[in-house]
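Take a look at the structure below.
The values are calculated or read from the model by the stated rules, or taken from the named source; none is laboratory data. Since the structure is predicted, the reported quantities are computational estimates derived from the model, not experimental observations. Here Cβ is always computed from backbone atoms with ideal geometry, including for glycine, and neighbour counts include all displayed protein chains.
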Amino acid sequence: MKNSVTGFPRIGKNRELKFITEKYFKKEISFDELYEGAKNIRLEHIKLQKEKGIDFIPSNDFSFYDNMLDMAQLLNAIPERFRKSLSTDHEIYFAMARGHQDNNTDLKALSMKKWFNTNYHYIVPEIEDSADIRLTGTKPFDEYTEAKDAGFDTKPVIIGPFTFLKLCKFSGDKNIGDFKDKFLQAYAGILDKFNSLEAEWIQIDEPCLVRDLDSDDISFFISLYEELLGHKGNLKILLQTYFGDIRDCYTEVISLNLDGIGLDLIEGKENLNLIKDHEFPKDKTLFAGVVNGKNIWKNNYGETLETIGRLKQLSCEIVLSTSCSLLHSPFTIENETEIRNDILRYFAFAAEKLNELKDLSRLGDALDYQGDPAFRSNSGDPDSKKAFEHKNVQNAVNSLKENDFTRLPKRSERVVIQKESLCLPLLPTTTIGSFPQTAEVKRNRSEYKKGIIDKETYDKNIFEFIKECIDEQLELDLDVLVHGEFERNDMVEFFGECLEGFIFTKNAWVQSYGTRCVKPPIIFGDIRRRENMTVKYIKYAQSLTDKPVKGMLTGPVTILNWSFPREDISRREIAMQIALAIKEEVNDLEEAGIKVIQIDEAALREKLPIRKADRYSEYLDWAIPAFRLCHSGVKPETQIHTHMCYSEFGDIIKDIDNMDADVISFEASRSTLSILDDLKEAGFETQVGPGVYDIHSPRVPGTDEIKESIHKIIEKINPEQVWVNPDCGLKTRGPEETYKSLKNLTNAAKSVREAL
Ligand code: GLN
Ligand code: ZN
């Protein structure tokens, strides 16, 4: 049995690509030097895959920024404004990715969106009416040839026309249909070129096929491929899907003139049923995605070989592959020298997953594998995990009852009680939690981590930062204050470190966008709170003022979504364990006299299942209750806030309202109007603080500009229900711009308030 890798992490074992690219951004090296460095990284990755015994090694999975952007440039889908003001291809490329500013030009970057259900972001190509779509680039051919010259045969990878067109933004009057022929010609050109280069296979990625498709989508897809496959020549075509199953178009896909079909058998379990019910054509190769490309856990060979056994009964050829690109998994466990061996033995990152593919191909061919040492070391959980179990936590989750998720009295009654007890003005002002993380704040943390200062000094410094922050907010005359989050470098890591059950890595970076990587903690065992985590800081902040100070917590769904979850229990169970720990903290804060508590659910929307049919059963049915569990025990006077980092929740507004928070703040400065209409239409009950300015830029918004935003909001929403705040935490901003922006914010709120 052969094996195949769908895509490999491109950032490098030690994030080499990140560092050389950032050097290029800072003009410390030339583009040629960057290109040369990148070439070495590419070839090293191909060599590694070859050494590990991979048969189908991808090329063109590399990118300087993003593969969607690569496709856009390859097909000349470049907005006029970039082409007009910049000359070289790479300048245009990076300007589309990151914007470009100099004396004569000020170009904003193209927008960025989350890539399906991952934490990776792609650049949204923009197609103008005047776009002259044709094959102008050479990247896939260059990288294929580069590998070939170095002695490696690869399988070039491109994003397919259906997915590409579906994810593009059409900025003029024309739409997908108007461009179809041009794109088809350009894609046909790609096939021609690979034919002339004598490539054997090409992998065409079509992840959009795992989304809900209507009949128009399906006929569009079919018409694209019937035409395109007419140009395949001697090239074998692998249509690769991932992140789910292709239930809406399985029969159509298998009847196309393809040579291989790649199915995700991890996130797309339903694919197995489709194969069983409709057969798989014997003249095509099934690329079976059996090694999880997204997680960090070892493959369970026992289970996988059972699946392989079933697939072997099909009369087609089988190639074992990763379920999706390994881009979403960290590079190697070899970098984790500080994790105990009895824990490390559970993990397989990208490089180790290559070994698994090789093992599985070998074991899949063997008649009897039970005695094989590789099989024995990858079958089921060893015992060392027992030490991370807590029966009392498991019992607490098992005995949760309906009323644990219900806060009383109902929100409409709480509004009245809280109005009286909190004495807030109309259009109350607040912030999302963090204040600028200045050099001193960062130094305090790093010196403490390095052992240069002790816990006492560390806390003393934090208390000083808090005092300054409260003084500043009093001077700004904000209504609900915060302590500033100076003890946190990250809203998930901080709580992960305070809770039992998490493992932290040194180098398990995963690309998030461009050169940015994140290092999610690993949920390894049952989660419980050792002791209270935030009370002393918030209590101190509250002692400095009569105005309410918000207690600041991260919610269970966000902690879960921004970690690598364990897989031996359900995500529901993990979320409930975290929720019980957060609930204890909420209760302790209330007990300490804190009247307003914010539980951030920044990442709640992010893991919403791709298919509508799965949204409730697989996610919202436990995610919303997990949040409710955190605050169901508080007094009616205690005001619960939450915060979300996006406003694209138009399709789950009822569920957001069902979180039963008293107040929600969210990003809206760039898309205010549409979400406000949705809220109004849905009769949204929660009080809302749509961000009145964008904190992702150092720009200081003027008072009039903020007044205008507030007016727009209260045109749609009853002013009694509206809060005034920035759209996210201020930790990445500088102190000066923050002070000025907030001063303008409180002045704007006052001025609108008076006029009402
Ligand atoms: N309370 C957090 C902060 O202000 C929220 C961050 C976020 O939404 N990403 O930093
Ligand atoms: Zn946010």
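How many residues, within the range 595-624, are more than 15 Å from ligand 1 (Cβ to nearest atom) and under 24 Å from residue 417 (Cβ atoms)?
2
Please go through the range 637-646 and give me each residue that is within 16 Å of ligand 1 (Cβ to nearest atom) and in a loop (DSSP other than H, G, I, E, B), ordered by number.
645, 646
Give the range 612-637 a look and list any residue that's basic (Lys, Arg) and surrounded by fewer than 17 Cβ atoms within 10 Å (Cβ to Cβ), or say none. Even if it seems obvious, please write down each step before you answer.
Start the filter on the range 612-637 by keeping residues that are basic (Lys, Arg), which leaves 612, 615, 628, 635.
Scanning the range 612-637 gives 612, 635.
For the range 312-366, which residues satisfy the criterion of being without any contact (Cβ under 8 Å) to a residue 60 or more places away in the chain, assigned to a helix (DSSP H, G or I) and within 29 Å of residue 208 (Cα to Cα)?
If the condition is that a residue be without any contact (Cβ under 8 Å) to a residue 60 or more places away in the chain, assigned to a helix (DSSP H, G or I) and within 29 Å of residue 208 (Cα to Cα), then 312, 352 are the ones that fit.
Within the range 652-707, how many residues are away from ligand 2 (no atom under 16 Å from the Cβ) and of a type in the set (A, V, I, L, M)?
Of the residues in the range 652-707, 8 are away from ligand 2 (no atom under 16 Å from the Cβ) and of a type in the set (A, V, I, L, M).
Can you name every one of the helices (runs of 4 or more DSSP H) wholly within the range 433-529 that holds 1 or more residues which are modelled with pLDDT of 95 or more, under 30 Å from residue 391 (Cβ atoms) and within 16 Å of ligand 1 (Cβ to nearest atom)?
Those helices (runs of 4 or more DSSP H) span 493-498.
Of the residues 63, 4, which single one is in contact with a Gly (Cβ under 9 Å, 6 or more places away or on another chain) and touching a residue at least 24 places away in the same chain (Cβ under 8 Å)?
From the options 63, 4, the qualifying one is 4.
With the requirement that a residue be of a type in the set (Phe, Trp, Tyr) and out of contact with any strand residue (DSSP E or B) (no Cβ under 7 Å at 6 or more places or on another chain), what does the range 463-490 give you?
Those that are of a type in the set (Phe, Trp, Tyr) and out of contact with any strand residue (DSSP E or B) (no Cβ under 7 Å at 6 or more places or on another chain): 463, 486.
Quickly run through the range 537-559 and pick out the residues that are more than 16 Å from ligand 2 (Cβ to nearest atom), touching a residue at least 24 places away in the same chain (Cβ under 8 Å) and over 23 Å from residue 295 (Cα atoms).
Selection gives 537, 538, 539, 540, 541, 542, 544, 545, 547, 548, 549, 551.
Taking the criterion of being more than 16 Å from ligand 2 (Cβ to nearest atom), farther than 24 Å from residue 468 by Cα and not polar (S, T, N, Q), would at least one residue in the range 728-749 satisfy it?
no
Residue pairs, Cβ under 8 Å, 6 or more apart or interchain, first in the range 600-613 and closer than 14 Å to residue 563 by Cα, second more than 12 Å from ligand 1 (Cβ to nearest atom) and of a type in the set (Phe, Trp, Tyr). List them.
Close Cβ pairs (under 8 Å, with a partner that is more than 12 Å from ligand 1 (Cβ to nearest atom) and of a type in the set (Phe, Trp, Tyr)) amount to 601/627; 604/627; 607/619.
Of everything in the range 272-294 that's surrounded by 21 or more Cβ atoms within 10 Å (Cβ to Cβ) and farther than 17 Å from residue 317 by Cβ, which residue is nearest to the chain's Cα centre (by Cα)?
Result: 294.
Quick check on my filter: what residues within the range 608-636 are among the basic types (Lys, Arg) and either in a loop (DSSP other than H, G, I, E, B) or within 16 Å of ligand 2 (Cβ to nearest atom) (or both)?
Scanning the range 608-636 gives 611, 635.
Out of curiosity, is residue 251 buried (at least 18 other Cβ atoms within 10 Å of the Cβ), in contact (Cβ under 8 Å) with a residue 12 or more places away in the chain and among the hydroxyl-bearing types (Ser, Thr, Tyr)?
No; evaluated as a whole, the condition is false for this residue.
Take the residues in the range 668-688 that are of a type in the set (Ser, Thr, Tyr) and touching a strand residue (DSSP E or B) at 6+ places or on another chain (Cβ under 7 Å), then tell me which one is modelled with the lowest pLDDT.
Selected residue: 672.
Give just the number: which of (1) away from ligand 1 (no atom under 16 Å from the Cβ); (2) outside any loop (DSSP other than H, G, I, E, B); (3) crowded, with 18+ Cβ neighbours inside 10 Å does residue 427 not satisfy?
(2)
Going through the range 716-756 one residue at a time, which ones are acidic (Asp, Glu) and over 20 Å from residue 663 (Cβ atoms)? Please lay out each step first, then the result.
Filtering the range 716-756 down to residues acidic (Asp, Glu) leaves 720, 727, 736-737, 754.
Those that are acidic (Asp, Glu) and over 20 Å from residue 663 (Cβ atoms): 736, 737, 754.
Being out of contact with any Pro (no Cβ under 9 Å at 6 or more places or on another chain) and crowded, with 18+ Cβ neighbours inside 10 Å is the filter here; which residues of the range 337-346 pass it?
339
If the requirement is being of a type outside the set (Val, Ile, Thr) and at pLDDT below 95, which of these qualifies: 68, 112?
After ruling out the rest, the residue left standing is 112.
In a helix (DSSP H, G or I) and at pLDDT 95 or above, is that true of residue 47?
yes
Just the residues that are touching a Phe, Trp or Tyr at 6+ places or on another chain (Cβ under 6 Å) and in a loop (DSSP other than H, G, I, E, B), please, taken from the range 204-251.
206, 235, 243
Could you go through the range 704-716 and let me know if any residue there is in contact with a Gly (Cβ under 9 Å, 6 or more places away or on another chain) and surrounded by fewer than 16 Cβ atoms within 10 Å (Cβ to Cβ).
No: zero hits.
Any residue at all in the range 376-392 that's surrounded by 20 or more Cβ atoms within 10 Å (Cβ to Cβ) and in a helix (DSSP H, G or I)?
No; the residues of the range 376-392 include none that is surrounded by 20 or more Cβ atoms within 10 Å (Cβ to Cβ) and in a helix (DSSP H, G or I).
Every residue in the range 638-651 that is surrounded by 24 or more Cβ atoms within 10 Å (Cβ to Cβ) and away from ligand 2 (no atom under 16 Å from the Cβ), please.
638, 639, 640
Restricting attention to the range 320-335, which residues are at pLDDT 95 or above and either surrounded by fewer than 20 Cβ atoms within 10 Å (Cβ to Cβ) or of a type in the set (S, T, N, Q) (or both)? Write out each step before concluding.
Quick first cut of the range 320-335, residues at pLDDT 95 or above only: 320-334.
Correct list: 321, 322, 323, 325, 329, 332, 334.
Pull up the range 560-606, narrow it to residues that are within 16 Å of ligand 2 (Cβ to nearest atom) and in a helix (DSSP H, G or I), then point me to the one that is farthest from the chain's Cα centre (by Cα).
605
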